[in-house]
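A.B. asks: Structure in structure tokens, see below.
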Amino acid sequence: MEAVLFTLFSSVAIGAALLMILQRQMVYAVGLMILVLISIGGLFLVLNAEFLFFVQLIVYAGAVMVFFVFTAMMIGEPEINVLSLRSPQFWLALVIVSLLLFQLGIYVGGIQPPTGLPGSFSIDVQGGDQLSYIGEQLFRNHVVALQGLGVLILVALIGAIYISRDPDSLEKDDSTGTGEEPPATEGPKL
Amino acid sequence: MYPYYLLVAMILFSIGLLGVLLRRNIVIVLLCIELMLNSTNLIFVSASHFLSAGDGRIFVFFVLTVSAAEVAVGLALVISIFRRLGTINMDDLKELKW
């Protein structure tokens, strides 16, 4: 059963990813990416990572892809030529990616299958389920990284607002705001 | 079973890499970068499952959040570029200063 689900989800993910990089319209590409994300979330579910499945659907497919849709709606112009088959870049990119796949394939083929039962990692936590395990690990062993993540999100928020502000619609902000006199424009009369 | 998950993640990573190398549209390039990040998330979760370690899922949590923050700033930059130059074709963005 696990093999059937794995085959189903992985074939959908690979097919949707292949279609995604060939789309002319941005919104179609985002829709296919959402399909890829749901398939990868399904693979997470097959691998007994329910919490990550939920987080992937809510955060990635629900927030990040909506971000992309907003941007695509704001911009909205399709690309003229998606992949030109005659440019040397095309064949160079294919050669490089196939070399990468070949090297990774050699590595993956030489991996010894792990011994022991999969999915039986011991959770020594009061609740015993996955969410409490992840929460406990985050707040016990990885607190600094978690707080750093909070700061990172805050910085990204402020940065995104500042970078994407529209300079034409803002008021001129050369006043100091406290009602001072404007500087004198003429020197002393001689 | 474990090498098959790695194979799927490898293929997804290579597809994302092809998209980054060959597409001229910045938004699609960012989308393919997200695909590469997702394939590494798949590697982490499958390693966590098959090697019986819980640390992979913690790292996936962090990678997810960092990629969301990176997408926010990246798309804000894309919008700013589009407002200034009117194009998102990467071939037209050859200069550092306009």
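A.B. asks: Kindly evaluate A:L18 against the criterion of being surrounded by 20 or more Cβ atoms within 10 Å (Cβ to Cβ) and facing chain B (nearest Cβ under 9 Å). Steps first, please.
C.D. replies: Details: surrounded by 20 or more Cβ atoms within 10 Å (Cβ to Cβ): no; facing chain B (nearest Cβ under 9 Å): yes.
It is false that A:L18 is surrounded by 20 or more Cβ atoms within 10 Å (Cβ to Cβ) and facing chain B (nearest Cβ under 9 Å).
A.B. asks: Got a number for residues in the range B:52-66 being at the interface with another protein chain (Cβ under 7 Å from one of its Cβ atoms) and in contact (Cβ under 8 Å) with a residue 24 or more places away in the chain?
C.D. replies: 0
A.B. asks: I would also like to ask the following. For the range B:87-98, enumerate the residues that are over 22 Å from the mean Cα position of the chain (by Cα) and in a helix (DSSP H, G or I).
C.D. replies: B:D92 - this is the single residue of the range B:87-98 that is over 22 Å from the mean Cα position of the chain (by Cα) and in a helix (DSSP H, G or I).
A.B. asks: If the requirement is being at the interface with chain B (Cβ under 7 Å from one of its Cβ atoms), polar (S, T, N, Q) and touching a Ser or Thr at 6+ places or on another chain (Cβ under 9 Å), which of these qualifies: A:S39, A:S10? Reasoning before the result, please.
C.D. replies: Values: A:S39 fails: at the interface with chain B (Cβ under 7 Å from one of its Cβ atoms).
After ruling out the rest, the residue left standing is A:S10.
A.B. asks: Does the range B:20-34 hold any residues that are more than 7 Å from chain A (Cβ to nearest Cβ) and basic (K, R), and which are they?
C.D. replies: Correct list: empty.
A.B. asks: Step by step: first the residues of the range A:37-53, then only those that are farther than 18 Å from B:L51 by Cα and among the small types (G, A, S), then the one that is surrounded by the fewest Cβ atoms within 10 Å (Cβ to Cβ). Which residue is that?
C.D. replies: Here is the first cut: in the range A:37-53, the residues farther than 18 Å from B:L51 by Cα are A:37-42, A:51, A:53.
If we keep only those that are among the small types (G, A, S) as well, we get A:39, A:41-42.
On the way: A:S39: 23, A:G41: 24, A:G42: 19.
Among those residues, the one meeting the criterion is A:G42.
A.B. asks: Could you pull out the residue among B:L17, B:L85, B:L37 that is closer than 21 Å to A:A61 by Cα and either crowded, with 22+ Cβ neighbours inside 10 Å or more than 7 Å from every other protein chain (Cβ to nearest Cβ) (or both)? Reasoning before the result, please.
C.D. replies: Numbers: B:L17 fails: either crowded, with 22+ Cβ neighbours inside 10 Å or more than 7 Å from every other protein chain (Cβ to nearest Cβ) (or both); B:L85 fails: closer than 21 Å to A:A61 by Cα.
Exactly one of B:L17, B:L85, B:L37 is closer than 21 Å to A:A61 by Cα and either crowded, with 22+ Cβ neighbours inside 10 Å or more than 7 Å from every other protein chain (Cβ to nearest Cβ) (or both), namely B:L37.
A.B. asks: Can I ask one more? Checking the structure you have, find out if any residue of the range A:54-68 is closer than 20 Å to B:L51 by Cα and either aliphatic (A, V, I, L, M) or modelled with pLDDT under 80 (or both).
C.D. replies: Step one: list which residues in the range A:54-68 are closer than 20 Å to B:L51 by Cα, which gives none.
For the range A:54-68, residues closer than 20 Å to B:L51 by Cα and either aliphatic (A, V, I, L, M) or modelled with pLDDT under 80 (or both): absent.
A.B. asks: While we're on this one: If you scan the range A:107-134, which residues turn out to be within 10 Å of chain B (Cβ to nearest Cβ), modelled with pLDDT of 80 or more and surrounded by 14 or more Cβ atoms within 10 Å (Cβ to Cβ)?
C.D. replies: Those that are within 10 Å of chain B (Cβ to nearest Cβ), modelled with pLDDT of 80 or more and surrounded by 14 or more Cβ atoms within 10 Å (Cβ to Cβ): A:Y133, A:I134.
A.B. asks: Further question on the same structure: Against the condition touching a residue at least 60 places away in the same chain (Cβ under 8 Å) and of a type in the set (D, E), how does B:D91 come out, does it pass? Quick ask: steps written out before the conclusion?
C.D. replies: Values: touching a residue at least 60 places away in the same chain (Cβ under 8 Å): yes; of a type in the set (D, E): yes.
For B:D91, the condition - touching a residue at least 60 places away in the same chain (Cβ under 8 Å) and of a type in the set (D, E) - is met.
A.B. asks: Taking the criterion of being under 28 Å from A:I134 (Cα atoms) and free of Cβ contacts under 8 Å to residues at least 60 places away in the same chain, would at least one residue in the range B:72-80 satisfy it?
C.D. replies: Initial filter on the range B:72-80 (under 28 Å from A:I134 (Cα atoms)): B:72-73.
Next cut, free of Cβ contacts under 8 Å to residues at least 60 places away in the same chain only: B:72-73.
Within the range B:72-80, one or more residues are under 28 Å from A:I134 (Cα atoms) and free of Cβ contacts under 8 Å to residues at least 60 places away in the same chain.
The values are calculated or read from the model by the stated rules, or taken from the named source; none is laboratory data. Bear in mind the structure is a predicted one, so any value in this text is a computation, not a measurement. Neighbour counts are summed over all protein chains in view; Cβ atoms, including those assigned to glycine, are modelled from backbone coordinates with ideal geometry.
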